[in-house]
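Down below is the structure, laid out as structure tokens.
The values are calculated or read from the model by the stated rules, or taken from the named source; none is laboratory data. Small disclaimer: the values here were computed from a predicted structure and weren't measured. Note that we place each Cβ from the backbone using ideal geometry, even for glycine, and neighbour counts take in every protein chain shown. Side chains are part of the model used for accessible areas, which takes the heavy atoms of the whole protein and leaves out ligands, DNA and RNA. Shrake-Rupley method; radii C 1.70, N 1.55, O 1.52, S 1.80 Å.
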Amino acid sequence: MKKITMLVIVIALIAVSVFANGANETSSSDEEVTITFFNWGSNENTTAAAFDAMIKGFEEKYPNIHVEVETSNYDGVNTTLLNRCASGDTPDVAQISNQWLKAYYDMGAVLPVDEYLSEDVLNDFYEGALSGVEFDGEHYYSAPWIMQPCELYCNMDLLNKAGFDHVPESWDEMMDMAYAITELGQTESGAKIYGRSLNSKLLANAGYGSFPDVWENGGDIVVDGKVVFNSPETVKAYADLQKAVNDGVAPSGLQIVDCRTLFGNGQIGFHVDAPSQASNWTDINMEVAIIDTYSSDHHLAMFANTEHPEECALFIEYLTGPEGMALYNESTFVIPARKSVESIDAYKNLDPIQAQFLKGAATARSLPVGSATFVAAMEDIANGIQRIVINGEDPATVVAEVAAKLEERY
């Protein structure tokens with residue numbers, strides 16, 4: 001009888017354990033919970049349907065968690081969140097640009113996501129995508145969601161005319177090819193041909209747009225929170241940019257939208273840009289080469305005032321994982337930040353351009369956003385580029401002075 005009784009107890013305990021584990025797969029508890037999700041995707045025509053589908057899918061998987069959506073246009077998100085952080089009236093979760101995060105962190109307004117996401121999920125993120133949001137050397141303060149690695153678009157018609165049948169395999173080869181393309185002179189309509197583009201107008205994206213030049217020459221900007229910009233490698237990269245402009249290989253004084261127009265007109269051989277631009281250049285015979293590049297990403301942040309961090313973590317895990325990303329890609333092609341997502345049907349049978357950007361996501365670096373004045377820091381770098389390519393100043397002097405300003409920012 002005792003043996004039978006003990007067996008019954010063991011079976012009962014196993015049943016309780018199985019039920020509990022099954023319940024955890026559904027939700028962190030049976031309590032009815034509402035979390036607020038502040039985003040701009042629900043407010044845009046190209047992504048609204050995808051956001052609706054993802055939220056519906058999440059609520060079906062976790063029926064006790066309701067997601068209340070709050071929206072803004074993209075330009076208003078950061079200002080709104082800064083004001084709400086200051087007042088303590090934050091959402092539970094928000095879609096953000098990783099460029100904004102440090103200001104929220106400095107205000108004590110965001111939670112470390114690694115304390116709530118599982119280790120398996122954290123290890124699933126691309127290392128480079130997470131690297132920019134570790135501000136205290138200990139925790140990650142947002143989760144990467146949508147990556148936008150900026151790779152090298154190559155005009156194959158110009159390359160072929162210059163005698164090449166392949167994309168460059170190194171930065172030095174790219175520069176050699178750019179000079180050869182420039183020697184083609186003009187398009188059939190008489191417009192000047194440039195070997196490569198260059199963003200040098202005083203805008204933040206001109207600052208981080210120069211990162212591939214620095215990285216491909218062996219330099220860096222910020223490492224472990226320390227500014228390492230002033231180096232022989234950075235000086236060489238900037239001297240090469242100066243020479244390229246002086247030799248007519250790259251234009252000067254343009255912003256990225258101007259360079260996009262020139263590339264679309266068939267006037268530029270090489271142009272670094274995001275995957276979203278490919279649809280604008282369907283008339284260009286182009287390929288994409290993977291370079292040492294940056295990614296300006298959409299992240300998901302959890303805010304410190306939330307009363308439901310576990311449920312927020314489930315929401316973030318769902319949106320960034322295979323289920324959420326499959327729904328996202330039903331409406332528009334986006335690049336994931338987690339390795340496991342690459343295996344879903346949405347990323348099979350991609351066209352060659354999309355496939356290259358997906359491949360590039362694994363090695364792209366996060367922007368060095370560890371300063372609340374990140375945008376101003378990037379404008380400092382852009383100003384330095386202007387001084388080199390427009391004013392003709394000494395690269396070594398300019399790099400040293402820009403580095404001093406970056407040290408103040410960081």
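How far is helix 74-87 tilted off the main Cα axis of the chain, in degrees rounded to 10, range 0 to 90?
50 degrees
Check Leu254: other-chain or 5+ apart residues with amide H under 5 Å from its amide H, H built from backbone geometry?
Long-range HN contacts for Leu254: Ser200, Lys201.
Can you give me the long-range amide H partners of Ile335? Hydrogens built in the peptide plane at 1.01 Å from N, cutoff under 5 Å, separation of 5 or more residues or another chain.
Residues meeting the criterion, in which the H sits 1.01 Å from N, are Met147.
Evaluate the relative contact order of the chain (contact order divided by residue number), counting alpha-carbon pairs under 8 angstrom at least 6 apart; express in whole percent.
Taking the mean separation of contacting Cα pairs over the length of the chain, I get 26 percent.
Could you size up the charge dipole of the chain around its Cα centre, putting +1 on the beta carbon of Lys and Arg and -1 on that of Asp and Glu, and report it in debye to the nearest 20?
Working: 22 positive and 61 negative charges, 58 e Å.
Dipole magnitude for the chain comes out near 280 debye.
Could you state the angle between the C-alpha long axis of helix 48-61 and the longest principal axis of the C-alpha atoms of the chain, as a value from 0 to 90 degrees rounded to the nearest 10?
For 48-61 against the chain, the angle is about 30 degrees.
Which percent of the accessible heavy-atom area of the stretch 83-176 goes to carbon and sulfur, probe 1.4 angstrom?
Details: 1460 of 3760 Å².
The nonpolar share, carbon plus sulfur, comes to 39 percent.
Which lysines, on any chain, are close to Lys359 with Cα under 17 Å apart, when same-chain ones fewer than 8 places away are left out?
Lys359 reaches Lys339, Lys348.
Sequence gap at least 6, Cα distance under 8 Å: using those rules, report the relative contact order of the stretch 302-410 to the nearest whole percent.
Details: 52 pairs, mean separation 18.7, N = 109.
Relative contact order of the stretch 302-410: 17 percent.
Just in the stretch 79-159: which GluC sites (Glu not before Pro) are loop by DSSP and have at most 13 other Cβ atoms within 10 Å? Show your work: numbers first, answer last.
Numbers: sites: Glu115, Glu119, Glu127, Glu134, Glu138, Glu151; in loops: Glu134, Glu138.
In loop regions of the stretch 79-159 (DSSP not H, G, I, E or B), the sparsely surrounded GluC sites (Glu not before Pro) are Glu138.
With +1 on each Lys and Arg Cβ and -1 on each Asp and Glu Cβ, and nothing else charged, work out how big the dipole of the stretch 142-184 is about its Cα centre, in Debye to the nearest 20. Don't jump to the answer; show the numbers that get you there.
On the way: 1 positive and 8 negative charges, 42 e Å.
Using Cβ point charges on Lys, Arg, Asp and Glu, the stretch 142-184 gives about 200 debye.
Which of (i) 24.3, 99; (ii) 21.0, 59; (iii) 27.8, 108 is the computed Rg and Dmax of the Cα atoms in Å for the structure on display?
(i)
If you average the alpha carbon positions of the stretch 188-229 and of the stretch 78-137, how far apart do those two centres end up, in angstrom?
For the stretch 188-229 versus the stretch 78-137, the Cα centre distance is 27 Å.
Report, to two decimal places, the Cα Rg of the stretch 299-410 normalised by 2.2 N^0.38 Å (N = number of residues).
On the way: Rg = 20.3 Å, N = 112, 2.2 N^0.38 = 13.2 Å.
Against the compact-globule rule of thumb, the ratio is 1.53.
Expressed as an acute angle from 0 to 90° and rounded to the nearest 10, what is the orientation of the C-alpha long axis of helix 352-361 relative to the principal long axis of the chain?
70 degrees
Please identify every one of the GluC sites (Glu not before Pro) in the stretch 168-238 that sits in a loop by DSSP and has no more than 15 other beta carbons within 10 Å of its own beta carbon. Display every interim value, and only then the final one.
On the way: sites: Glu169, Glu173, Glu183, Glu188, Glu216, Glu233; in loops: Glu169, Glu183, Glu188.
Here the GluC sites (Glu not before Pro) that fit, given the DSSP loop and packing criteria, are Glu169, Glu183, Glu188.
Quick check for you: with a 1.4 Å probe and neighbouring chains kept, what is the accessible area per residue of the chain, in Å²?
Details: 18160 Å² over 410 residues.
Here the per-residue accessible area is 44 Å².
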